[in-house]
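What follows draws every value from the coordinates through simple rules; no lab data is involved. These figures come from a predicted structure and were not determined experimentally. All Cβ positions, even for glycine, are placed from backbone atoms using ideal geometry, and neighbour counts span all protein chains on display.
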Amino acid sequence: MNIEKIRVRFAPSPTGYIHVGNARTALFNWLFARQNKGVFVLRVEDTDVERSREEYERRLIDDLRWMGLDWDEGPDAGGNFGPYRQSQRLDIYQGYTQKLLQEGKAYYCFCSTEQLEKERETALAAGTMPIYSGRCRVLDPGEAERRIRSGEKAAVRLKVPDEGLISFDDLIRGHLEFDLKLIGDPVLVRSTGFPAYNYAVVIDDHLMKITHVVRGEDHISNTPRQILTYRALSLEPPLFAHLAMVMGKDNTRLSKRHGATAVDQFAIEGYLAPAFFNYLALLGWAPPEGREVLEKAELLELFDLKKVSRSAAIFDYEKLHWINRQHIKKLDPGGKARRAFPFLADAGLLPEAMTEVHWRWLEKAAESLMEGVDKFSELPQKFSLLFDFTPLALDEEAKSILKSESAPKVITAFAQKLERAGGLDYAKYAAIIEEIKKETGIKGKALFHPLRVALTARTSGLELDKFIPLVEEGARLSFPRPIKSCLERVRETKKHLESKAADI
Ligand code: GLU
C-alpha cells in the first residue's frame, strides 16, 4: 500500500455515552495521527436509527474535547470527505449497492426475520455455527428485481465464496486467517434501506481515504467480512490494528461494577483531563523507559502503535488515582485553586463570587488539603476540616482525649491565653504552648492531643502550622458557611467541656 499521508478515524456509534474502551481507541488514533503529521477524522456511525441519538453525539464530542482530543475532519469540523454522519450518506451507499447487484456480487434476500431466527436456533440447537443458508442467493435476479419493484422489502447480501481462507496482517495481532466456511453471506443493506455497519464502514473508510483502521478487538471477526466487501468493490483495504479489550482487575469486561466507565463520569468525579489522557495511553502500551507520568507532548513523542500489547489491558483505578495525584502535584497553586473551585462551590462551601482575597486563601488551602487527594470529588470532605467544627459530634477517640486528665487544664489555659492574644498565628501558638508547658508541667501527647481536638474537633488532619493560618484568615472572609476562628473553636470546646452535657 502506497501511503502518502496517514489518515485515521474514530468512528463511534452515538448509541450511549462514550466509555473507557472507546476513549482509549480514540486516543490511540489521535496519537498515531498527530505523531505522523497525519489526519484524524471523526465519523459518526449512526445507521442504527433506533438506538442513535443526537444527544449522544453532542456528549461524545464534549467528552472527546474534555480529554484533550481534536480532529481535522468531522460532523462539526467539516472537511473534504463529508458528510461525516453515516445517516447523511445513504445515497452514496446506494450507488455502490446498485453496482454490486448489477455485477452479480450481491443479491436481494427476502428471508423474514422470523425465518432467519428459526434457522439460527436450529443451528445452535444442533451445535453448529448459525450461518445463513444462502437460500436467496439462487433466486433469479430478474425475478428478485420484479418483487422489489412491486414493493416487497428485501435486504441485500454479499456473495461470499463457500470455501477458502481469508487473511490479513494486523499491525498488532500479526497474521490472522479465517475460514470462509464459517462466514455466511453478510447483510450489506438491511430491509429498512439502512446499510449494515460492515458495509458502510468499508465505503466510508475507502472514500475518506483512511490508511489505518485502529479499533477494538471486538471487530476482528468483522474484518474478514469487510475485506470481502473491499474485494467485491475492487478496492484496496486499509491496514488494520486491533486493540485488545479493556478489562476490570478481575479479568471480566470493564463495567459499572468496577467503578466509573463513562468518560463524563471521570470528569464529574474530578480527574484531571491530562491525567486521564495519560492513564488511557498506558492501557495496552508502556513507555520505553518505564516513566509513566507523562504529558501529552511526551506521549506524542514516545507512543508506538506497533508496540501495543496483544493482551487485554487492565483498568486499575488505583493506578489511575496515582497518576492523577502526580498530575495534581504538578499544578501551581493557582491551577489547583481553579480546579478545586467548582467542586467546593457545588458543595456549598465557596461563594459563587470569589474576591481576590478568597482566591489567595483558596490557593493556600488547596495547596495543603489537596495532598494525597485521588480525585477532586474528595475535596468537600477534605475541606470540611476547615468549615465544620462541631465539638458535639466527636468520634470515640476524640472523646476519650477530652476525657483525659490533662485536657481541661490544657484547654482552659489555652483559652485564657488566646483571649488575651487577640488572634492566633503559628508563632503565637508555639509561644503559648511553651508557656502552658512551663506552667502546668504537661507535655507531649497529653498537651498536643487535647489542643488538636479543641481546634479541629478531630484527632488527625493538617499540621497545625498550616491549619491555624487557614482558619484564622478564613474566619475573616465571608463564606456561605462561615469558618470559625481558633478562639471561637476553643471557647466552644471549653463550654462543651464545662456543660458536662458531656458524655463528651
Ligand atoms: N461504529 C463502530 C463502533 O463503534 C466502529 C468500529 C470501527 O472502528 O470500525 O464500534
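To the nearest µm²/s, what D does Stokes-Einstein give for the chain at 25 °C and 0.890 mPa s, using the Kirkwood radius over alpha carbon pairs as Rh? Mind showing how you got there, number by number?
Working: Rh = 27.7 Å.
The Stokes-Einstein estimate is 89 µm²/s.
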Legend entry - Cα-derived Rg to Rh of segment 351-504, Kirkwood definition: 0.97
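Could you sort the peptides 302-311, 358-367 by per-residue average Cβ neighbour count (10 Å cutoff), highest mean leading? List each step's numbers first, then the result.
Values: 302-311: 14.7, 358-367: 20.3.
The densest-packed peptide leads the list: 358-367, 302-311.
What does the charge dipole of the chain about its Cα centre add up to, to the nearest 20 debye, if the Cβ of each Lys and Arg holds +1 and the Cβ of each Asp and Glu holds -1?
800 debye
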Legend entry - Degrees between helix 223-232 axis and first principal axis of the chain (Cα, 0 to 90, nearest 10): 40 degrees
Legend entry - Cysteines (scope the chain) whose Cβ has no counterpart Cys Cβ under 4.7 Å: Cys111, Cys486
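Roughly how large, in nm² to one decimal, is the mean projection of the convex hull of the alpha-carbon atoms in segment 335-376? Spell out each step's value before the answer.
Working: hull surface 11.2 nm².
In nm², the orientation-averaged hull projection of segment 335-376 is 2.8.
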Inset, instruction - Write down the radius of gyration of segment 396-441 and its Dmax, each obtained from C-alpha positions, in Å. - result: 11.6, 32
Legend entry - Kirkwood hydrodynamic radius (C-alpha pairs) into Stokes-Einstein, segment 443-504, 10 °C and 1.306 mPa s, D in µm²/s: 126 µm²/s
Inset, instruction - Normalise the Debye intensity by I(0) for segment 97-143, one equal point scatterer per Cα, no solvent, then take log10 at q = 0.20, 0.21, 0.26, 0.27 Å⁻¹ and round to two decimals. - result: -0.72, -0.76, -0.93, -0.96
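Based on Cα coordinates alone, diagonalise the gyration tensor for segment 361-452, multiply each eigenvalue by 5, take square roots, and list the semi-axes in whole Å, largest first.
Numbers: eigenvalues 157, 63, 28 Å².
Three semi-axes, in Å: 28, 18, 12.
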Inset, instruction - Could you point to the residue in Ser52, Tyr108, Gln88 farthest towards the positive end of segment 2-125's charge dipole, with +1 and -1 charges on the Cβ of Lys/Arg and Asp/Glu respectively? - result: Gln88
Legend entry - Percentage relative contact order, segment 326-434, counting C-alpha pairs under 8 Å, at least six apart: 21 percent
Inset, instruction - Within 10 Å, count the other beta carbons around each residue, average over each peptide in 89-97, 340-348, and list them highest first. - result: 340-348, 89-97
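Per the Kirkwood treatment, what hydrodynamic radius in Å, one decimal, follows for segment 124-266 from the mean inverse distance over all distinct Cα pairs? Don't skip to the end; give the middle numbers.
Values: mean 1/r = 0.0560 Å⁻¹.
For segment 124-266, the Kirkwood estimate is 17.9 Å.
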Inset, instruction - For segment 221-372, count the residues as N, evaluate 2.2 N^0.38 Å, and divide the Cα radius of gyration by that value, please. - result: 1.40
Inset, instruction - State, as an integer percentage, the relative contact order of the chain based on alpha-carbon contacts under 8 Å between residues 6 or more apart. - result: 12 percent
Legend entry - Relative packing of peptides 228-235, 279-286 - highest average C-beta neighbours within 10 Å first: 279-286, 228-235
Legend entry - 5 Å binning of all Cα-Cα separations within segment 172-214, expressed as whole percents from 0 upward: 5, 16, 18, 18, 26, 14, 3, 1
Legend entry - Between helix 406-421 and the chain: long-axis angle, C-alpha atoms, 0 to 90°, nearest 10: 80 degrees
Legend entry - Cα-based radius of gyration of segment 398-478 once divided by 2.2 N^0.38 Å, which approximates compact folds: 1.06
Legend entry - Cα gyration tensor shape for segment 63-199, rounded if a/c is under 1.5, else prolate or oblate: oblate
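Which semi-axes, in whole Å and largest first, does the equivalent ellipsoid of segment 1-115 have when worked out from the alpha carbon gyration tensor as the square roots of 5 times its eigenvalues? Walk me through the intermediate numbers first.
Working: eigenvalues 170, 82, 33 Å².
Those come to 29, 20, 13 Å.
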Legend entry - the chain: calculated mean residue ellipticity at 222 nm from DSSP helix runs of at least 4, using -39500 (n - 2.57): -14500 deg cm²/dmol
Inset, instruction - Could you run the Debye sum over the Cα atoms of segment 145-194, one equal point scatterer each and no solvent, and tell me log10 of I(q)/I(0) at q = 0.28, 0.30 Å⁻¹, two decimals? - result: -0.99, -1.04
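Relative contact order for segment 159-258 using alpha-carbon pairs under 8 Å, separation at least 6, rounded to a whole percent? Intermediate values should be presented prior to the final figure.
Values: 119 pairs, mean separation 26.8, N = 100.
RCO, segment 159-258: 27 percent.
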Inset, instruction - In square nanometres and to one decimal, what's the mean projected area of the convex hull around the Cα atoms of segment 317-386? - result: 4.4 nm²
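Tell me which GluC sites (Glu not before Pro) from segment 263-295 have a DSSP coil assignment and no more than 11 other beta carbons within 10 Å of their own.
Numbers: sites: Glu269, Glu289, Glu292, Glu295; in loops: Glu269, Glu289, Glu292, Glu295.
Those satisfying the criteria are Glu289.
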